[in-house]
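This report refers to the structure that appears directly beneath it.
Computed from the coordinates by the stated procedures, all read-outs in this text should not be read as laboratory data. From a predicted model like this one, the values you see are computed outputs, not experimental measurements. Backbone-built Cβ (ideal geometry, glycine too); neighbour counts: all protein chains shown.
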Amino acid sequence: MLTFGTLSFAVPWLLVALASLPVLWWLLRAVPPAPSRVVFPAIRLLFGLPQSEETPHRTPWWLLALRLLLAALVILALAHPVLDPGRLLRGSGPLLLAIDNDWSAGDHWDIRRETALALIDEADRESRAVYIATSTQAETTTRQPLRPLSAAEARDRIRGLTPLPWAGNHAALLEQIEALDLPGSATAVWLGSGMAEPEAAAQESRSRILEAALQRLGALRIIQPAPSEIPLYLSESENAADGLRLQVTRVSRGFEQPVALVASDDAGRLLARETANFPENALTTEATITIPSEVRNRIARVVIEDTSSAGATMLFDESSRRRPVGLVSGDIAQVDQPLLGNAFYINRALEPFADIRTGTIAELLERRLAVLFLSDIGNLTDTEIESLNRWIAAGGVLVRFAGPNLAEGSDELLPVALRRGGRVFGGVMSWERPATMAPFDETSPFAGLIASDEILVQRQVLAQPSPELAGKTWARLNDGTPLVTGEKRGEGWLVLYHTTANAEWSSLALSGTYVDMLRRLIALSQGVSTEATTGPLPPLSNLDGFGRLSDARTTARPLPAGDLAEIIPGPAAPPGFYGTPESRLAFNLGPSLSPVVFESRAPGVELASYGPSEQIDLRVWLLVAAFALLLVDFLISLGLRGHLPGRHAATAAALCVALLGASALLAPSPAQAQSSDLFALEATEQTHLAYVLTGDTKIDETSRAGLSGLGQILSRRTSIEPGAPIGLDIERDELAFFPLIYWPMTDRQNPLSDDARSRINQFLRNGGTIIFDTRDQSLSGIGGVGPGTRTLRGLVEGLDIPALIEVPQDHVLTKAFYLLQDFPGRWVGGQVWVQQADERVNDGVSSVIIGSNDYAAAWAIDVDGRPMFPLVTGSARQRELAFRFGVNLVMYALTGNYKADQVHVDEILERLGQ
Amino acid sequence: MSIIPDTPTTSDSPARAQGEAIAASFPPLLVAADRVASTVAQGVHGRRRVGQGETFWQYRRFEFGDSPQQIDWRRSARSDHLYVRQTEWEAAQSVWLWPDVSASMRYHSNRNLPEKQERAAVLTLALASLLTRGGERIALLDKPEPPATGRAVLDRIAMSVMRDMSREPDNEELPVPPPLPRYSTVVLISDFLVEEEKLLEFLGRLAARGVRGHLLQILDPSEVSLPFRGRTQFRGLESEGDLLVGRAEALRESYRERLEHLQSELRIFARRAQWTYACHHTDARPEPAMLSLFTNMAETLHARS
């Protein structure tokens, strides 16, 4: 990038092309202008005339200059000049750069670094010293005092700087600044992240104090991203029943913001993508990734799309994965009381964090299963025991609940032997009062859970006393009898609850402890052992400032066991995976973050934002200027060649260009889609009669008036109340909304396009009716064929028109509403053709009716309700009959063969008579 | 009007469309021709002049040089003067018209000017209209139909001219005339921008048959003044070829001399053959041209009688 003060060129080497301008000048001068071409009839008289001066016309100097300017503009535009008034450094004294290189810097680190380098360049030009202070540092050691750097050192320092995957420490930065002892004033530039550390209620935030401290040095400019550019972060995740629920948080509100989350597995394969949107005034939004649980369990990380920061990355370890859990319940008797059943309790307890499948043991074991609950299953078959044993050895966790069935007699697949004979110890009589639970042992998988003393156990199965019983006991009652026993077998576990899964024997199932215990059991499965929480976890791999997973940082210490929420990510505890490759623990940055937006309120602080938004890109303007000059040149050349007769042509050309530009801008408009929806709405809110627009305004008006006249008659005399008739463009409009379409034939009828033809066929096949009116009864002589018929013949090629017959005497059309024998329109005598009756197809309604009597003209009435056209006989009776035919026609199209029974009325009466 | 040209049998639809477009302009053209004709008719009173015929025309005072046989004694007896009885001239002549419709006639230098062929058509039809009013028999020189008179022939001629105008122009500049009867009249309306030898030979052949002729040269103003400037490439309309000129304005004088030479050749020919020659520019109104042409015709027709 070549820079002259505030002007810089992105592609400076192209400026070399400016050297070619003199060559262009020479070329343009040497080549004569193109001749104007003239058509001239008297050319014969010109042939052989002596041409005294053959010296070519020179291109005028001002046109040459114009063209050179044009070329220069294009070259300059290609060199991509950028005017950046913000580059200039104000103030005096050394430059102090305070850089936020916390997690949020990862997103646009390049820009932040470029900005810093540009500032250092500027300081270098003015020979100022540079101080660089960062908000985070990679080392755990205390910070060194700031020292002045030369420009080269500063550049190296900036190039070596990377964003770090934890929150910034403005307090430490502040200390460094305050320790600085500068002789005179300095210029401070804070390359901020736009975020401040959360303000405590009473005291001023450290970020604000830092701002004040920086301002005291001299001039302060704060460069920070616009509120909409401040990175988002993933603050929470929950493996819920309906999917992996993730919470995305931002620091500034007041605008809507879409966000997309991408989930991928260990190998980086994309598993799912989910979008969410921040409502205008919300700081958080949630997205739920709903994919099958097997796939969901493979999710190793979720990242906010198009970002690269540690906060926007959330890692997932095995503990958060939803595990498939099988459930087999023995209490068939309780099918009629499902809410009291064992299965119901287990279901409700596990559903939020596991996938529960039910079925037989064999069925369940066919698929991958982490934990299997057997509730009150007394005796397993040998094959079941064998397959269960194999499954446990491979890592399965089998949890059995006691119950009446188990108490009656059980198989051997238990962690402890149960007492036989009087094995069942229970009943209120045996205790003075029901037993409560003792606190869990430290060695128990349930360690850390609180055994509520509200839990009362009334019945239980008792274990045979044995030396190892104590080691197998995971939970016990206050009197020492085991309540939950477990045993590791192979890779898996075998666990027995000595009470029922429901509230019948104990109130354990009613307490929260029940749920927590079941969760612990599920966490046991598939390689996540209790060891994970017992000792310090060594760092396995850590996120870097860009959200990439890489080797553990050298500063990272083992993570102490315990509540991860209390550990604040920092140099000693960078986010990432901890533990061993087999059982790792995800430690995420997001949950610990709680930044707020930082808005400078101090007067005199110059605010700016990152990125090229502030820069003025001159390329576009140069290109526009070049284009305008090109246009001028074009017009001038035209004028020189004599193609521009006057001023009008020039203005016309300019107008054309303007119009072209405007139309190009306006061309794609969504109006059509909207109008088609509106059309569908209008056509379906009411029943409408429809006619086909022929393009002949007079005929279209007649059709419209005819159908609206018929509509009035229908509303007056029948229960059909059609809306205003709708004219259809047969090539474009949807036909399916209309039961009956009137189609007058004109000689201007264009052949149908294939698309229209297929849509008409579709319409006819699915129960639509079209009445073709050839309107040529007056023109066709005896046996002759009128023009409308000819048009129709041409039109129906390619349409699915069935075999047609003249309307028979007893056709439904003759009795659908009125009894009719002939069907006059404006003319009389024309035949009406219908499809051969087939009761099975389309309810016996002919899909095509062809007449020639110009019906619309007979029906047409004007706005005053008077007929618009005289009829051929002139009698009122004919018009009445025409309307009756119309009524019959609409009835026929709408009601089908309902009146066809009338055909058989004679026969029916005859039968009744007998 | 029922004048719709028979649709050509060719399926070439652009040509047909053009034909129809021109046919649509036919009534205006005929009206324009009629308008030109009527102004002229009022000016010269058409054919109503003394000549050989049966119908009584007028009595005139005997003048010196009149033949004594012409004296109408019955009229003269009623007064003190001698009167001569004159009959109306009734000799019908056949007039052959030729409007040039070659490619070079389809030219106007400015959109506001009519094409040369349009002006030629208007003048031809106006002349035809005038002639039919006077009872002359008219025909087109390059068409086989024999001369006839009446409104019908006017329509036929109009239609024929229209059709020629709408047709693709040919480069055949000069017609092959049918065998013309002696003493018939030809009217040639053209720009006469053909090779000079061919033109004079064609005219000479006509004159040799004893045919009277009238030449009306129609020129576009730009063909008179050669207004072009600068480097110019000229192109003919009848595939004569191109001509590239460095400075068009330098040719202006010599071009004008050439044109005047052509015109004087035509004028000399006309004088020798007792024909008439006139030149008309399309930027002028057609009526004066029509008037002078018709007056010339009337004089020669009369002179012959």
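Only Lys, Arg, Asp and Glu carry charge here, each on its Cβ (+1 for the first two, -1 for the last two); on that basis region A:323-528 has a dipole of about 260 debye about its Cα centre. The trypsin sites (Lys or Arg not before Pro) found in region A:356-416 that occupy coil by DSSP, while having at most 15 further C-beta atoms within 10 Å, are A:367, A:368. Rounded to whole numbers, the Karplus 3J(HN,Hα) couplings from phi for region A:352-364 are x, 10, 8, 8, 9, 10, 10, x, 7, 4, 5, 4, 5 Hz, using 6.51 cos²θ - 1.76 cosθ + 1.60 with θ = phi - 60°, and x at Gly and Pro. Coupling constants for region B:189-205 follow from the phi torsions by the Karplus curve (6.51 cos²θ - 1.76 cosθ + 1.60, θ = phi - 60°), and in residue order they are 10, 7, 8, 6, 8, 10, 4, 5, 4, 4, 5, 5, 5, 4, 5, x, 5 Hz; glycine and proline get x.
Computed from backbone phi with θ = phi - 60° and the Karplus coefficients 6.51, -1.76 and 1.60, the 3J(HN,Hα) list for region A:308-313 is 9, 8, 5, x, 8, 10 Hz; x is used for glycine and proline. Measuring nothing but alpha carbons in region B:91-304 and taking Rh as the Kirkwood radius, the Rg to Rh ratio lands at 0.97. Taking a temperature of 20 °C and a viscosity of 1.002 mPa s, what whole-number D in µm²/s does Stokes-Einstein yield for region A:323-528 with Rh from Kirkwood over alpha carbon pairs? Translational diffusion coefficient: 127 µm²/s.
Checking the a/c ratio against 1.5 first, then a/b against b/c, what shape does the Cα gyration tensor give for region A:675-905?
Judged from the Cα gyration tensor, region A:675-905 comes out rounded (a/c under 1.5).
In percent, rounded to a whole number, the relative contact order of chain A is 10, using alpha-carbon pairs under 8 Å and six or more apart. Remark on residue A:372: its backbone amide H falls under 5 Å from those of A:326, A:397, A:398, A:399, a criterion applied only to residues 5 or more positions apart or on other chains, H modelled at 1.01 Å from N. Kirkwood Rh, Cα Rg: Rg to Rh for region B:169-215? Value, to two decimals: 0.95. Across all Cα pairs in region B:204-305, the calculated P(r) in 5 Å bins from zero up to the longest distance comes to 2, 10, 15, 18, 17, 13, 10, 7, 4, 2, 1, 0 percent per bin. In chain A, what percentage of the DSSP-assigned beta bridges are antiparallel, given to the nearest 5? Counting only bridges with both partners in chain A, antiparallel ones make up about 55 percent.
Could you tell me how many cubic angstrom of Cα convex hull volume chain A has per residue?
Looking at chain A, the number lands at 377 Å³ per residue.
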